[in-house]
Amino acid sequence: MSRTPGGTPRPALYRKPVPTFWWLRRRAYFVFVLRELSSVFIAWFVVFLLLMVGAIADGADEYERFQEWSDNWWVLLLNAIALAFVLLHALTWFNLAPRAIVVRLRGRRVRPGSILVLHYLLWALLSAAMAWLILSR
């Protein structure tokens, strides 16, 4: 029994035990937990890119060492897993956008499906522009 600030005993509240893997019972909970876990892999991508920029700034020899290090199987595997989590994170956020954004055009609300399509279209256009910019050199 716990005690109140005055010192009188108070009965303990019953707390239903929650299993460790409660989030595996529903797909929505599972995706939510995976999206939250994706932040760790997004942080890895940031660190990886900062290491690469630092290696580029330090000269050709250091960048060559960075590329050799990046060719390790575990770095490639970690980057592949991180890419999958970054894509999951982006997809889940894009799918939430129609619920979070209310757009009005000429006094009428734009349909959620239109917002979603525009998000994916813009993502594809920006990705194509970046690919063209990188591959055209």
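Please treat every number below as a calculation from the coordinates, not as lab data. Worth saying up front: this structure is predicted, and the values here are computed from it rather than measured. Backbone-built Cβ (ideal geometry, glycine too); neighbour counts: all protein chains shown.
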Tilt of helix 60-70 relative to the longest C-alpha principal axis of the chain, in degrees (0 to 90, nearest 10)?
-> 50
So how do 100-111, 12-23, 29-40 stack up, highest first, on mean other-Cβ count within 10 Å?
-> 29-40, 100-111, 12-23
Between 0 and 90°, nearest 10: helix 27-57 axis offset from the chain longest Cα axis | 40
Counting helices only, and only those DSSP H runs with n ≥ 4, report the 222 nm mean residue ellipticity of the chain as the sum of -39,500 (n - 2.57) divided by its residues, in deg cm²/dmol to the nearest 500.
-> -24000 deg cm²/dmol
For helix 73-100, what angle does its Cα long axis make with the longest principal axis of the chain, in degrees from 0 to 90 and rounded to 10?
-> 60
Assign unit charges at the C-beta atoms only (+1 for Lys and Arg, -1 for Asp and Glu), then state the dipole size of region 12-63 relative to its Cα centre in Debye, rounded to the nearest 20.
-> 940
Residues of region 75-101 with amide N under 17 Å of a point placed 7 Å along Cα→Cβ from L133 | none
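D58: net charge of surrounding residues, Cβ under 15 Å, Lys/Arg +1, Asp/Glu -1, itself excluded?
So the surrounding residues net to -3.
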Pulled fully out, how much extra length does the chain show between E68 and V110, if you take 0.36 nm times their separation in residues and subtract their Cα-Cα distance?
-> 10.1 nm
Looking only at Cα atoms, what is the convex hull volume of the chain per residue, in Å³?
-> 291
Linear extension gain, T8 paired with T20, 0.36 nm per residue minus alpha-carbon span = 0.9 nm
